[in-house]
Amino acid sequence: AAVNERGQAFSVGTALTFVAMLCAILLASRALDQWFGAAGVIGAAVVAGFIDTHSAAISVATLVGAGKLAAGKSALPILLALTTNTATKILLAATAGGFAFASRVIPGLILVMLAAWAGWAMRPA
């Protein structure tokens, strides 16, 4: 007899948990920006990066567009968000994917991170 198993594209509970965490991070990011200015932008980007690099990059770009942050100072918070997000990915690869998966994925993540930081370090002053 044929088995007709239907999978789910995503879990509603997991999606709602992600949305709740993302909202909390964005609210915290906005508060840090209001309370601490440029230092808050960096702190907020680091915290937001653990969940999502894109939201941190969008927040930084919005501040640049509003004239609250110089464009030349936008790369560091975004790279820090990328770094914390990469740490999250490394942790997930190591814990959820098993050794074989992690041993293939983690070196690539580290190389991308090193390349991003090398590009930032070689930027014109």
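The values are calculated or read from the model by the stated rules, or taken from the named source; none is laboratory data. Computed from a prediction, not measured in an experiment: that's the story for all the values here. Every residue, glycine as well, gets a Cβ built from its backbone with ideal geometry; the counts of neighbours run over all protein chains shown. Keep in mind that these areas ignore ligands, DNA and RNA; they rest on the heavy atoms of the full protein, side chains included. Shrake-Rupley method; radii C 1.70, N 1.55, O 1.52, S 1.80 Å.
On the stretch given as the stretch 71-94, residues that are more than 11 Å from the chain's Cα centre (by Cα) and open to solvent by 30 Å² or more (accessible area, probe 1.4 Å) total 9. Only residues that are buried (at least 18 other Cβ atoms within 10 Å of the Cβ) and not aliphatic (A, V, I, L, M) were counted across the stretch 56-67, and they come to 1. Picking from residues in the stretch 100-125 that are more than 20 Å from the chain's Cα centre (by Cα) and either surrounded by 12 or more Cβ atoms within 10 Å (Cβ to Cβ) or not in a helix (DSSP H, G or I) (or both), the one that is modelled with the lowest pLDDT is Ala125.
Residue-wise test of (1) out of contact with any strand residue (DSSP E or B) (no Cβ under 9 Å at 6 or more places or on another chain); (2) open to solvent by less than 60 Å² (accessible area, probe 1.4 Å); (3) in contact (Cβ under 8 Å) with a residue 12 or more places away in the chain; (4) among the small types (Gly, Ala, Ser).
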{"site": "Leu27", "(1), (2), (3), (4)": "yes, no, no, no"}
{"site": "Gln34", "(1), (2), (3), (4)": "yes, no, no, no"}
{"site": "Gly49", "(1), (2), (3), (4)": "yes, yes, yes, yes"}
{"site": "His54", "(1), (2), (3), (4)": "yes, no, no, no"}
{"site": "Leu69", "(1), (2), (3), (4)": "yes, yes, yes, no"}
{"site": "Ala96", "(1), (2), (3), (4)": "yes, no, no, yes"}
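Within the stretch 20-41, does at least one residue satisfy the condition of being under 16 Å from Thr83 (Cβ atoms), charged (D, E, K, R) and either part of a loop (DSSP other than H, G, I, E, B) or over 13 Å from the mean Cα position of the chain (by Cα) (or both)? Checked the stretch 20-41: no residue is under 16 Å from Thr83 (Cβ atoms), charged (D, E, K, R) and either part of a loop (DSSP other than H, G, I, E, B) or over 13 Å from the mean Cα position of the chain (by Cα) (or both). Among residues of the stretch 14-32 being of a type in the set (Val, Ile, Thr) and modelled with pLDDT of 75 or more, the one that is nearest to Ala44 (Cα to Cα) is Val19. In a residue-by-residue description of the stretch 64-78, the property of being in a helix (DSSP H, G or I), closer than 23 Å to Trp35 by Cβ and of a type in the set (Lys, Arg) applies to at least one position.
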